[in-house]
Amino acid sequence: MNVSVGPFSGQFSQLSRRLEDEAQGVWAVHDRACERFESGEDVYLLSVGDPDLPTPPRVVQAGIDALHKGRTHYAPGRGEPCLRQTIADIETRASGKPCDPDEVVVFPGATNAIYSVLATLVNPGEGVVVAEPMYIGYEGIFRALDIRKQSFDLDADGGFAFSLAAVEAAITPETRVVMVNTPGNPAGNVIAEADLRALADICRERGLWLICDEVYSMITFDAPHVSLRRAAASLDNVIIIDGLSKSHAMTGWRLGWSVTSRALADRLLDFTSSTIFGCCQFVQDAAAFALTNDEEYIQGVREEYRVRRDYVCERVAAIPGLQCQVPAAGMFVMIDVRAIAADGTVFAQRLLDAAGVSVLPGLGFGENCRGYVRVSLAQPINVLRPAFDRIAAFVAETEGKS
Ligand SMILES: Cc1ncc(COP(=O)(O)O)c(C=O)c1O
């Protein structure tokens with residue numbers, strides 16, 4: 001972000017200064033590509049994380065109906081009872097453990113849910129253990145709250161596998177929270193039920209909170225999602241984050257939630273009452289409708305992303321010098337470009353300049369992804385096809401020169 005200078009520019013808070021250079025560089029290629037795209041240039045954006053699919057029309061209609069019914073006023077701080085009941089029923093079914101609506105708190109998006117949960121649990125200077133590669137958005141939250149990131153590596157060369165030993169090695173006396181994301185962004189990795197159960201045991205024994213970000217829970221290709229809530233033997237320290245952005249193509253509606261113990265939900269209510277003061281009623285009505293009328297829709301979404309995933313992985317396999325592991329879930333494919341470029345940043349810059357295709361450099365997700373780029377599946381095959389034609393030509397050209 002460009003930092004503008006003015007007579008009061010030295011008078012911003014420490015929090016604002018910690019965020020000054022947040023994610024600088026990570027989005028440089030994407031931002032440049034968007035500018036070119038918007039000025040009418042022939043550029044393919046494989047760097048976006050926003051689904052290209054429309055929000056289901058019936059959900060849009062539910063939102064419009066709610067607006068016409070006057071659902072435009074302050075909502076209860078925890079969220080509308082009807083939506084919380086719907087979420088609690090889904091969680092009960094998915095986990096096999098009863099979930100009470102008062103254990104659910106609704107937020108304007110999963111990002112805000114994570115921010116609110118961490119603000120409620122972690123003091124400045126304390127640590128959160130988190131896997132790398134990691135969703136880029138966590139970084140800004142850690143910085144805003146002055147939380148120490150204590151990262152451990154997923155095995156990038158081994159299918160981004162998760163290791164309990166790596167988590168344990170990252171825990172220190174400063175650690176307050178362990179945070180995992182399954183299915184994962186950017187790697188599409190899934191943490192096995194037995195590992196989630198063992199992780200929950202470790203966290204409970206050590207007096208740590210365990211957060212599981214499950215926003216891709218509905219976009220699984222091989223086996224149904226296993227929630228931390230299902231895997232964990234005890235739920236006192238367990239926090240689930242989920243939302244509608246990805247599954248229902250509702251990024252702009254801003255709707256997410258947490259599922260926690262009742263005691264933590266009460267604390268979250270205190271926090272969110274002083275910061276958000278409730279989410280839009282009509283958005284919550286549309287969300288409740290979406291979650292109760294989505295079986296066919298979600299199957300279609302899953303199938304669409306599966307077709308795209310298979311297409312991308314086949315194209316990558318056919319390009320000498322590029323490699324990828326087939327993701328089990330999610331909306332992204334990580335491509336190993338080490339045979340072609342010094343790192344993913346160089347690859348992404350050159351690919352945009354030479355071929356007009358934008359991908360995200362892996363470094364933004366963690367040091368262990370320096371040699372990777374992330375390709376998004378949020379584009380239809382008729383965009384992926386010409387984009388990969390260009391990538392293939394670019395790699396062939398680059399290889400010929402080296
Ligand atoms: C892992 C992960 N968590 C959370 C979010 C943010 O979701 P929301 O749009 O609900 O804030 C994203 C968005 O890309 C994500 O990938």
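The values are calculated or read from the model by the stated rules, or taken from the named source; none is laboratory data. Fair warning: this is a prediction, and the values are worked out from it, not measured in the lab. Don't worry about glycine lacking a Cβ; one is built from the backbone with ideal geometry, like all the others, and counts go over all protein chains shown. In case anyone asks, the SASA skips ligands and DNA or RNA and just uses the protein heavy atoms, side chains included. Shrake-Rupley method; radii C 1.70, N 1.55, O 1.52, S 1.80 Å.
Observations
- Per residue, in Å², the accessible surface of the chain once ligands and nucleic acids are set aside, probe 1.4 Å: 43
- Per-bin percent of Cα-Cα distances, the stretch 1-109 [10 Å]: 10, 20, 23, 29, 17, 1
- Surface composition of the chain: carbon plus sulfur atoms contribute 52% of the solvent-accessible area (1.4 Å probe, protein chains only, all chains present).
- Folded to 0 to 90 degrees: helix 295-317 orientation relative to the chain principal axis, Cα: 30
- Compactness index (Cα Rg / 2.2 N^0.38 Å), the stretch 145-304: 1.11
- Percent antiparallel among DSSP beta bridges (both partners in the stretch 123-265, rounded to 5): 20
- The dipole here belongs to the stretch 26-173: it is taken about the Cα centre, uses +1 on the Cβ of Lys and Arg and -1 on the Cβ of Asp and Glu, and is about 600 debye.
- Principal axis extents of the C-alpha atoms in the stretch 109-219 (largest first, rounded to whole Å): 34, 31, 22.
- Placing unit charges on the Cβ atoms of the charged side chains and taking the dipole of the stretch 251-402 about its Cα centre, the candidate lying farthest along the positive direction among TYR311, VAL375, LEU268 is VAL375.
- Test item: Cα-centred dipole of the chain, Lys/Arg +1 and Asp/Glu -1 on Cβ, debye: 340
- Solvent accessible area, Å² - ILE335, 1.4 Å probe, full protein context: 0
- Debye, to nearest 20: dipole size of the stretch 87-168, +1 on Lys, Arg Cβ, -1 on Asp, Glu Cβ: 160
- Projecting label points 7 angstrom from Cα along Cα→Cβ for GLU399 and ASP155 puts them 2.8 nm apart.
- In angstrom, the C-alpha Rg and Dmax of the stretch 44-101 are 16.2, 46.
- Three principal axis extents describe the C-alpha atoms of the stretch 331-402; from largest down they are 32, 32, 17 Å.
- Backbone phi angles across the stretch 126-136, fed through the Karplus curve with coefficients 6.51, -1.76 and 1.60 (θ = phi - 60°), yield HN-Hα couplings of 7, x, 10, 7, 9, 7, 10, x, 10, 3, 4 Hz in residue order; Gly and Pro are listed as x.
- Dividing the alpha-carbon radius of gyration of the stretch 36-184 by the rule-of-thumb value 2.2 N^0.38 Å gives 1.34.
- Relative protection proxy for 5-17, 309-321, 201-213, from highest mean packing down: 201-213, 309-321, 5-17 (other beta-carbon atoms within 10 angstrom).
- Extension gain for the segment ASP89 to ILE202, taken as residue separation times 0.36 nm less the Cα-Cα distance, is 37.9 nm to one decimal.
- With N the number of residues in the stretch 259-370, Rg(Cα) / (2.2 N^0.38 Å) evaluates to 1.57.
- When the helices of the chain are scored as -39500 (n - 2.57) per DSSP H run of n ≥ 4 and the total is divided over every residue, the value at 222 nm lands at -13500 deg cm²/dmol.
- Per residue, the convex hull around the alpha carbon atoms of the stretch 179-257 comes to 90 Å³.
- Per principal axis, descending, Cα span of the stretch 134-174 in whole Å: 33, 25, 9
- For the chain, the longest principal axis of the C-alpha atoms and the axis of helix 381-401 are separated by about 50°.
- The share of Cα pairs per 20 Å bin across the chain, counted from zero up to the longest distance, runs 27, 58, 15, 0 percent.
- Dipole of the stretch 1-75 [Lys/Arg +1, Asp/Glu -1 at C-beta], most positive-end residue of VAL59, SER39, HIS73: HIS73
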